[in-house]
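**Student:** Handing you this structure, nothing more for now.
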Amino acid sequence: AGLDKPTTGTITTDGRPALMFQEHALFPWLSAGKNIELALKLRGMAKAERRGRAEELLELVRLGGAYGKRVHELSGGMRQR
């Protein structure tokens, strides 16, 4: 994002520079799954594909079954993932 200049190494997502916030950046009125779906929507993913992909991504970070949980129901570590 160009906020700081790294001294070494790079982080990319699909070949683009990536940014990881130190604090979670979730909308508290959305569930964990709906927060992910919003990001997918903003990247142009079709509505029909978003729920399945959100569930896959939750599984990937060991949060399977957390799709419907609200932000306040997740631990700090779960929010960060």
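**Student:** Sort out which residues of region 3-16 are more than 17 Å from the chain's Cα centre (by Cα) and either modelled with pLDDT of 70 or more or surrounded by 10 or more Cβ atoms within 10 Å (Cβ to Cβ) (or both), and write them in order of number.
**Tutor:** If the condition is that a residue be more than 17 Å from the chain's Cα centre (by Cα) and either modelled with pLDDT of 70 or more or surrounded by 10 or more Cβ atoms within 10 Å (Cβ to Cβ) (or both), then LEU3, ASP4, LYS5, THR7, THR8, GLY9, THR10, GLY15 are the ones that fit.
**Student:** Return only the number of the condition from (1) modelled with pLDDT of 95 or more; (2) out of contact with any helix residue (DSSP H, G or I) (no Cβ under 6 Å at 6 or more places or on another chain) that ALA39 does not satisfy.
**Tutor:** Unmet condition: (1).
**Student:** Would region 53-64 turn up any residue that is exposed (fewer than 11 other Cβ atoms within 10 Å of the Cβ) and free of Cβ contacts under 8 Å to residues at least 40 places away in the same chain?
**Tutor:** Yes, some residue in region 53-64 is exposed (fewer than 11 other Cβ atoms within 10 Å of the Cβ) and free of Cβ contacts under 8 Å to residues at least 40 places away in the same chain.
**Student:** Which residues, taken from region 65-78, are surrounded by 17 or more Cβ atoms within 10 Å (Cβ to Cβ) and more than 12 Å from LYS34 (Cβ to Cβ)?
**Tutor:** Result: LEU74, MET78.
The values are calculated or read from the model by the stated rules, or taken from the named source; none is laboratory data. It should be emphasised that the depicted structure is a prediction, and the values quoted were computed from it without experimental measurement. We place every Cβ from the backbone using ideal geometry, glycine too, and count neighbours over all the protein chains shown.
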